[in-house]
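Laboratory data are not the source of any read-out in this text; all were calculated from the coordinates shown. As the structure is a computational prediction, the values presented were derived from the model and not from experiment. When we count neighbours, we look across all protein chains shown, and the Cβ atoms used for this are built from the backbone with ideal geometry, even at glycine.
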Amino acid sequence: MVKRIIEINNLTKYYGKVKGIENVNFNVEEGDIFGFIGPNGSGKTTTIRTLMALIKPTSGNAKIFDLDCIKSSEKIAKNIGYLPSETYYYENMKVKELLQYAEALYDVEASERIEYLSNVFKLDTNRKIADLSTGNKKKVAIIVALLHSPQLIILDEPTSGLDPLIQKEFFNILREENEKGATILFSSHVLSDVQKISNKVAILKDGNIIKIHETNAMEKLGYKKISIRVKQMPSKAYFDIVGIADYSEENDQISFIYNGDISIIIERLSGLALKDVTIDEPDLEEVFLHYYQ
């Protein structure tokens, strides 16, 4: 039987009358790399902060390691590596002093681990926090989250501020941790991040989960990316059929995402004088836009 690491049941958080999240439900199973995606303001950070007991839910509940996130937060925290979307540290501390402080906080001896991660991320640990760029501060936060080899890694917008080469190293590290047994939940509004590494994905919109999929399956749900060039542009009503999204026209070219009976769209295309036609599999970002429309 697959073990559930995170269980979220009807989790709701209102800030006064303003909705943060409402009736959020999903599970993260042991060994998952679970992507939590949506635009800014969709409820990703609210959900994660509730899991971390940084805020209390209005209603509903969440469990980590089969323990209530609020009631057993201290016990849970020992086995979690948490990277918040924004980090604030003592500016006058050197990086190595901060990492030693984190080491003591988790009650582990992690000098070799710290050295390894610092080398991977090309981080000078002798510099003061105040002297670091945003990207280097994010590297410090990542090392703090990973230095004790936690069972569960929770990351909120982890790649913001990282250059592409460091992002690649970061994803390699996450894969290593996952192969060693860590379960990972990470939020992002960058769809390519999710596509690169996650095996499952939950899509948030306006504080609600609108879909949960295995990542590979999400790209294979019958969606087609269709581009055509025409001798004469039809009216927009010509393609006013169920299943079309992200429709656009430019000069003699029409493009859209389609999810429906393929014979219907082929019949519609056959009624046009075509110069060219291309039918591809859309990437995850284009599928995501389809959901939002």
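Which value, to two decimals, describes the C-alpha radius of gyration of segment 224-292 once divided by 2.2 N^0.38 Å? Intermediate values should be presented prior to the final figure.
Working: Rg = 11.5 Å, N = 69, 2.2 N^0.38 = 11.0 Å.
Cα-based Rg divided by the globular estimate yields 1.04.
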Exercise. Excluding same-chain residues fewer than 8 positions from K139, which lysines have a Cα within less than 23 Å of its Cα?
Worked result: K44, K78, K94, K96, K122, K128, K168, K180, K196
Exercise. Sorted from fewest to most neighbouring beta carbons within 10 Å, what does the list V108, V120 look like?
Worked result: V108, V120
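How big is the C-alpha Rg of segment 1-96 next to the rule-of-thumb value 2.2 N^0.38 Å, as a ratio?
Details: Rg = 14.7 Å, N = 96, 2.2 N^0.38 = 12.5 Å.
Compared with the compact-globule rule of thumb, segment 1-96 sits at 1.18.
Provide, as a two-decimal number, the C-alpha radius of gyration of the chain over 2.2 N^0.38 Å, N being how many residues it has. Could you put the intermediate results ahead of the total?
Numbers: Rg = 22.6 Å, N = 293, 2.2 N^0.38 = 19.0 Å.
Dividing the Cα Rg of the chain by 2.2 N^0.38 Å gives 1.19.
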